[in-house]
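Comments concern the structure below.
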Amino acid sequence: MDLIILDGHDVPDPQNMAMLQALYSRDPSSVRSQLNKLRNVSKFMDSYVVKYGHGSIAQCGYITIFAEGVSMYLAKVIEHHNYYCGQETSSRYVDFAEQGCVRFSPAYDSIQDKWLAVYDKALGERREIVSYTNFSKADSALNASEKKQVNPRAFDLARGFIPFGAKTNVSWTTNFDNLWKHLSWIKEHFQVPEMQKFVKDIELQIRAKYPDSFTALLGEEGTGASRENMGNAAVPMLGVEYFGNGKTFDMPCLNRKLYLSDTTVWKESDEENKRKQLVTDVYIRDIIDLGSWRDIQRHRNTVQAWPTWTEKLNSFYIDGLSYELQLEIKSLWKETKETIINEKNSDMIVTWREESWLIMPLAVNIEYGLKMSLYQMFYIIRARYQETVHATARETVASWFYSYVEDSDITGNNEDLERIVNREDLRLAVMETAKHATSENKYKISVKRASQTIEEKK
C-alpha cells in the first residue's frame, strides 16, 4: 500500500486536482508519475467536463467562495443543499444592528430599519435582565469576562427582530459539479434581484478563472450530460404539502400543530418489520421561528422543503420585554404585513412572496417540511436538545421525541432504538430541556454556551 496526500500547495489549481483523479480511470500508474502530465489540463477539462459532461470529474475539483455583505436570505438559499460546506456570521456573537441590510425598495428599506431599531432596543433590555439574573448588577457594571458571558445569551434572546435581509458573510466550499447544479436551482427558483445578481457575478468570475471547465454554464446551448441534467440533483423546491399529513399533535407552547407520519406500519411480533423500522423514513411538518429553522436546516442529511412564512411572530422573543416595546413590535408587524400587501399590488414587484422574506424578522413562525430516517431523527434530537442550542430549537426536537417516540410503541418494538434512548438517558434529558428551554430559565446563562468560542483556550 502506498498513500499519497496532496493539498492545494502541491496541486494549487482545482482543475489540475480534478484531472489528476480522473486519470485513474484510464491509467493504473501512480499519481506520482502523473503530476508531470497536468500541463494539458486545458484540453482535458474542455473535452471531458464541458463537451462530454463528465460529472464525476467535475466533482473532483473544489473551490471556496466567500460571499460578503449578502442577505441572510441569500445565505440560507446558498446553504439549502445536502452537500453544502461552509460557515456564516453567527447571530450569537455579532451585533447585527451594525451590519445594515440588503436593500430592495424604499418601503422595504423603511421596514428593515425599523426592525433593526427594535432589535437594538430589545438587545439592550435583554442585556439588562440577563445581567441582573446572573450577576445581580446592571449591564454597565459588568467586567469584561461577565460581558463575554452575557452577550451570547442576550443576542440569542434578541435575534428574533433581525430582518432576514440583514447583511451577513457566508463561505461556500463546493465542487464544480455541485456549483453548476445549485446555481441553476437558484437561478430558476429565486427571481429576487440579489439572487440573480449573485448567480451572474459568480458565473462571470468562475468562467474567467476556470474557462476550460466553465465555457458553457447555466443553460447555454451545447452538448454534455452535465448541462442536460443541470439542477436535477439540487435540493428540490418542495412545498410543505410534500411531507404529508400524518398523526396530529397539539403543541400549545408555541401555538402550533405537528404532523408526523412514517412509511411503514409495525407489528410487535413481526421481526422483518422490526428490521425495516431501522431505515424507515419519518416525515415531519412543523412550525418554528425562522431563527431556529436556520439551526434545523443545518442537518443536511435530510430532505427539506423551502419554508413558507405564517402571519404570527413567536412569542418567545416578545415575552419579558417592556410593555412599550411590545406595543412597538405589534405595530411594526402589522405595518410589515401591510407593506407586503401594498407592494404586491404595485407594478414594481412581481415576485412579492420571494421579496417579502427580506423584511421578515427572525421571530416569524414558518412552516417547514422535513424527511429523514429514524436514526437521522435521533441524531438531530441528540444534537439539538443540548443546553448550548437555542431554546425554541430545543423545544422543537423535544416535541419530536414526545410525539413520535414516547407517544408510540416504536422503541418498545425495536431493541436497538430502545438502547439508544436508554444509553443516552434521552428521556430525562429531553424532558428537562422541554421544561426549561422556553421558561423564565431562558435568562440564565448556559455555562457551556457562554464558553463556546473559537478563541484559543488559556
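The values are calculated or read from the model by the stated rules, or taken from the named source; none is laboratory data. Here the structure is a predicted model, which is why all the values come from computation and not from measurement. Note: ideal-geometry Cβ built from the backbone for every residue, glycine included; neighbour counts use all protein chains shown.
Residues in segment 358-390 that are part of a loop (DSSP other than H, G, I, E, B) and buried (at least 20 other Cβ atoms within 10 Å of the Cβ): MET360, LEU362, ALA363, TYR385, VAL389, HIS390.
Scanning segment 305-327 for residues that are within 21 Å of LYS121 (Cβ to Cβ) and out of contact with any strand residue (DSSP E or B) (no Cβ under 8 Å at 6 or more places or on another chain) turns up SER315, ILE318, ASP319, GLY320, LEU321, SER322, TYR323, GLU324, LEU325, GLN326, LEU327.
Do you know which residues across segment 143-175 are surrounded by fewer than 19 Cβ atoms within 10 Å (Cβ to Cβ) and hydrophobic (A, V, I, L, M, F, W, C)? Answer for segment 143-175, where residues must be surrounded by fewer than 19 Cβ atoms within 10 Å (Cβ to Cβ) and hydrophobic (A, V, I, L, M, F, W, C): just ALA144.
Among LYS274, LYS334, which is at pLDDT below 85, in a helix (DSSP H, G or I) and over 15 Å from the mean Cα position of the chain (by Cα)?
The match here is LYS274.
Would you confirm whether or not segment 256-267 contains a residue that is aromatic (Phe, Trp, Tyr), at pLDDT 60 or above, crowded, with 16+ Cβ neighbours inside 10 Å and assigned to a strand (DSSP E or B)? Within segment 256-267, one or more residues are aromatic (Phe, Trp, Tyr), at pLDDT 60 or above, crowded, with 16+ Cβ neighbours inside 10 Å and assigned to a strand (DSSP E or B).
Restricted to segment 170-210, and to residues there that are small (Gly, Ala, Ser) and in a helix (DSSP H, G or I), the residue that is farthest from the chain's Cα centre (by Cα) is ALA208. Assess whether ASP120 counts as being assigned to a helix (DSSP H, G or I), buried (at least 20 other Cβ atoms within 10 Å of the Cβ) and acidic (Asp, Glu). Taking the combined requirement at face value, the residue does not satisfy it.
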